[in-house]
Amino acid sequence: ELYEPYHLYEQDAPISLINSQIVKNVKLLTGGFSAKYTDRMSGIFNLDTINENNEHMANFSLDVFFASFLLSNRINEKFSHFLSVRRSFLDLFGVNLDRQGEYKWPMYYDIWSKLNYRANHKHRFSFNFLFSNDEEVYDDPQALIRPEYFTSLRRNYYGWINWHWLMNRNLYVTTTVGFQDLKKESDFEFDFSLSENNIDNRHTNLLSLTQNYYWTSFNRHSLEFGFELKKFFSDYFFSEVRTNRYKTTQDNIVVDSILVNSKFDGYTLGGFVQDTWELSKRLKFLMGVRISGQNYTDNIQIAPRSSISYNIRDNLSFKLAYGWYYQPDNFQKLRSYEGQGRPNKTVSKSIHYLGELNYHFLKKSTIKWGVYYKDYKRLQEDFEFDFFNRYDRENILDEPFNPISGYSTGFETFIRHQYARSNLFSVAYTYSFNRIKNEAGRVVPRDFDRTHTIAVNNIFNFKPNITLSALWRFHTGDPYTSSEIRTIGDGTVGGNTINYYEFGEKNSQRLPVYHSLDIRVEKNWQFKKTSLQLFVNIINVYNRRNVKSFYWAADTRDNQLVGFNLVDFPFFKRFLWLGVGVSF
């Protein structure tokens, strides 16, 4: 399990630190997943990287955002290796001016190295090292109330060893030993800060041991079992005095003085066993259980899970799944900015009910229908007050809702059709409801609830070596909590002005619907052992003004604050993205 696998957390983490060129297989499990997967209650994203390589290959690519280099090398019959390096370079072009302040483009890079060693036909080893670095700087000395700035440095080291051992023809064993180091160092000051030189530092070390067994036993049974042990050491320091924008009113200014200075360590332990029983060539039944515990929670979690699949015909099958899922608080990502200094004792819990029907037709086409219901028996707050919704503007924010439970239910369908030799067309549609409930019994839409979601994708290959791909997306607008900004004070910019919110009902409003078309054209040239690739991405082809959120823009006249105007904060307008790649 890889913790914090993204870049630019201060920008709401939009970029994965996994280079897609080294990914061999991707599996997204959105519900009803089996007991062998770790303690998560909504979904699993499983990635397999390339393993042993039969040839030497190097690739260098450059586009408007970053440069990447990939080297894959088969050293001999026993050893193979790959190295992936990526770096953004927009920071090399200087800074953006925002009002009278300056925002330096963030710099990030990642390195992933993997060495494979095949000792013999029974033993394989892989040695992995992953490192990522993010740096971001923002400075606005002429902000509305007081100077704003923040600096952020994040580093993520992760090394692990996999040992794959074929004990005999029926028993396969995988052992993983890993160490991860997560570190963030930041200092900041925002409009609502009443103190200077505020600090947000956090550091977690994590040691992990995972042991999995796969045993093909007697009488059409396949048994999987294993355990995982994690030992962590965490250190948090957060210091800020700020106006509480949620509780402050005209008659009562509420000030939060937050100081978290917390060092703690602990462990998590989990184990599972599951049996896949092939009752016949058409009917399979899976029964499993996962048992987990953490030193910072009150109880052991016992999670039974089961599924049944049946092939009605060679081209028609269905699956039913049921399971309990628990998710403990993240020890590596406490909400220290809200005063949290220890992981919560409460463990979130959901129960999944899943039905799925698959139909294959015309040899190369598939239709998949699915229904699901996730009952969140215990649910923790997903409200955040972190950097990405604090700096640069008065965002339309949610106030804390303190949910205790919720549910997610829906229907989804997916159609995929391969035509000609290698052209692909697919359509996906989801109809869903996501709701949360608090102690007062109020039920409201959850953040990012989208009733309707549609994606249409087409990949068409021309001769010679030209690929045209198009992706059209549509979804219902995200819910948001309406608000008004009120001002306490004389309204003088830089004086003793204090702004506060008056909120409407939680998530009672919705943004406009979203839809956008992206097109990508690739051209490849092959020269003996070298290939050249050029690509053009056109993002938001018809320049749809999709609204990501709203924000309150200050209206100042003669150095006097006279009010706030509600302004759209859009996604990308039409954008041209160019790139080139060379492989040899």
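For the range 34-56, which positions are at pLDDT 85 or above and aliphatic (A, V, I, L, M)?
Once the filter is applied, which keeps residues that are at pLDDT 85 or above and aliphatic (A, V, I, L, M), the range 34-56 yields Ala35, Met41, Ile44, Leu47.
What are the pairs, 6+ residues apart or on separate chains, where a residue within the range 304-322 that is within 20 Å of Tyr372 (Cα to Cα) and touching a residue at least 40 places away in the same chain (Cβ under 8 Å) has its Cβ under 9 Å from a residue that is outside any strand (DSSP E or B) and among the basic types (Lys, Arg)?
Cβ pairs passing all conditions: Ser317/Arg282.
How about the range 73-131: which strands (runs of 3 or more DSSP E) wholly inside it have at least 1 residues that are at pLDDT below 85? Walk me through it before giving the result.
Numbers: elements: 79-88, 95-98, 101-118.
Counting at least 1 such residues, we get 95-98, 101-118.
Of the residues in the range 396-427, how many are open to solvent by 40 Å² or more (accessible area, probe 1.4 Å), of a type outside the set (Asp, Glu) and within 30 Å of Val567 (Cβ to Cβ)?
Total satisfying the criteria: 2.
Could you list, in sequence order, the residues of the range 546-567 that are open to solvent by 60 Å² or more (accessible area, probe 1.4 Å) and either over 30 Å from Tyr500 (Cβ atoms) or part of a strand (DSSP E or B) (or both)? Before you say what the answer is, go through the steps one by one.
First, pick out the residues of the range 546-567 that are open to solvent by 60 Å² or more (accessible area, probe 1.4 Å): 548, 556-560, 562, 565-566.
Once the filter is applied, which keeps residues that are open to solvent by 60 Å² or more (accessible area, probe 1.4 Å) and either over 30 Å from Tyr500 (Cβ atoms) or part of a strand (DSSP E or B) (or both), the range 546-567 yields Lys548, Thr556, Arg557, Gln560, Val562, Asn565, Leu566.
Checking the structure you have, find out if any residue of the range 53-61 is in a loop (DSSP other than H, G, I, E, B), closer than 30 Å to Leu269 by Cβ, in contact with a Lys or Arg (Cβ under 7 Å, 6 or more places away or on another chain) and not aliphatic (A, V, I, L, M).
Looking for residues that are in a loop (DSSP other than H, G, I, E, B), closer than 30 Å to Leu269 by Cβ, in contact with a Lys or Arg (Cβ under 7 Å, 6 or more places away or on another chain) and not aliphatic (A, V, I, L, M), one finds none in the range 53-61, hence no.
Go over the candidates Glu224, Glu185, Glu189 one by one and state the one that is surrounded by fewer than 19 Cβ atoms within 10 Å (Cβ to Cβ), of a type in the set (Asp, Glu) and either at pLDDT 90 or above or over 20 Å from Gln274 (Cβ atoms) (or both).
Just a single option satisfies the conditions, and that option is Glu185.
Would you point out the residue of the range 1-27, among those that are under 12 Å from the mean Cα position of the chain (by Cα) and among the aliphatic types (A, V, I, L, M), that is nearest to Met107 (Cα to Cα)?
Filtering the range 1-27 for residues that are under 12 Å from the mean Cα position of the chain (by Cα) and among the aliphatic types (A, V, I, L, M), the one nearest to Met107 (Cα to Cα) comes out as Leu8.
Conditions: (1) over 30 Å from Lys349 (Cα atoms); (2) out of contact with any Pro (no Cβ under 7 Å at 6 or more places or on another chain); (3) buried (at least 17 other Cβ atoms within 10 Å of the Cβ); (4) at pLDDT 80 or above. Ala143 meets all but one. Number of the miss?
(4)
Looking only at the range 437-477, which residues are of a type in the set (D, E, K, R) and either touching a His at 6+ places or on another chain (Cβ under 8 Å) or in contact (Cβ under 8 Å) with a residue 40 or more places away in the chain (or both)?
Within the range 437-477, Arg442, Arg446, Asp447, Asp449, Arg450, Arg473 qualify.
Looking at Glu399, Glu412, can you tell me which residue is touching a residue at least 60 places away in the same chain (Cβ under 8 Å), over 19 Å from Gln327 (Cβ atoms) and acidic (Asp, Glu)?
Working: Glu412 fails: touching a residue at least 60 places away in the same chain (Cβ under 8 Å).
Criteria check complete, one pass: Glu399.
Name every residue in the range 493-505 that is surrounded by 14 or more Cβ atoms within 10 Å (Cβ to Cβ) and either assigned to a strand (DSSP E or B) or modelled with pLDDT of 90 or more (or both), in order of residue number.
Answer for the range 493-505, where residues must be surrounded by 14 or more Cβ atoms within 10 Å (Cβ to Cβ) and either assigned to a strand (DSSP E or B) or modelled with pLDDT of 90 or more (or both): Ile498, Asn499, Tyr500, Tyr501, Phe503.
For the range 299-391, list the strands (runs of 3 or more DSSP E) that sit wholly inside it and hold at least 2 residues that are in contact with a His (Cβ under 8 Å, 6 or more places away or on another chain) and not β-branched (Val, Ile, Thr); which are they?
Output list reads 316-327, 365-378.
For Asn434, state whether it is at positive phi and not aromatic (Phe, Trp, Tyr).
Here the answer is no, as Asn434 does not meet what is asked.
Results for (1) under 30 Å from His360 (Cα atoms); (2) in contact with a Gly (Cβ under 9 Å, 6 or more places away or on another chain); (3) of a type in the set (Val, Ile, Thr); (4) open to solvent by 30 Å² or more (accessible area, probe 1.4 Å), shown as yes or no for each residue.
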{"residue": "Tyr429", "(1), (2), (3), (4)": "yes, no, no, yes"}
{"residue": "Arg442", "(1), (2), (3), (4)": "no, no, no, yes"}
{"residue": "Ser469", "(1), (2), (3), (4)": "yes, no, no, no"}
{"residue": "Arg473", "(1), (2), (3), (4)": "yes, no, no, yes"}
{"residue": "Ser508", "(1), (2), (3), (4)": "no, no, no, yes"}
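Scanning the range 522-540 for residues that are among the aliphatic types (A, V, I, L, M) and surrounded by 15 or more Cβ atoms within 10 Å (Cβ to Cβ), which turns out nearest to Leu578 (Cα to Cα)?
Let us first name the residues in the range 522-540 that are among the aliphatic types (A, V, I, L, M), namely 532, 534, 536, 538-539.
This time we only want the ones that are surrounded by 15 or more Cβ atoms within 10 Å (Cβ to Cβ), so: 538-539.
Details: Ile538: 9, Ile539: 11 Å.
In this case the residue turns out to be Ile538.
Can you name the residue in the range 227-253 that is at pLDDT below 90 and open to solvent by 30 Å² or more (accessible area, probe 1.4 Å) and, of all such residues, is nearest to Val177 (Cα to Cα)?
My answer is Tyr246.
For the range 410-481, list the strands (runs of 3 or more DSSP E) that sit wholly inside it and hold at least 2 residues that are of a type in the set (Ser, Thr, Tyr) and at pLDDT below 95; which are they?
Working: elements: 423-438, 443-445, 452-462, 466-475.
Where strands (runs of 3 or more DSSP E) fall fully within the range 410-481, none carries at least 2 residues being of a type in the set (Ser, Thr, Tyr) and at pLDDT below 95.
Please find, within the range 6-33, the residue that is modelled with the lowest pLDDT out of those that are touching a Ser or Thr at 6+ places or on another chain (Cβ under 7 Å) and either of a type in the set (D, E, K, R) or open to solvent by less than 30 Å² (accessible area, probe 1.4 Å) (or both).
The extreme case among them is Glu10.
The values are calculated or read from the model by the stated rules, or taken from the named source; none is laboratory data. Keep in mind that what you see is a predicted model, and the values were worked out from it rather than measured. Here the Cβ is made from the backbone with ideal geometry for all residues, glycine too, and neighbour counts use every protein chain on show. Ligands, DNA and RNA are stripped out before the accessible areas are found, and what is left, the full protein with its side chains, is counted by its heavy atoms. Shrake-Rupley method; radii C 1.70, N 1.55, O 1.52, S 1.80 Å.
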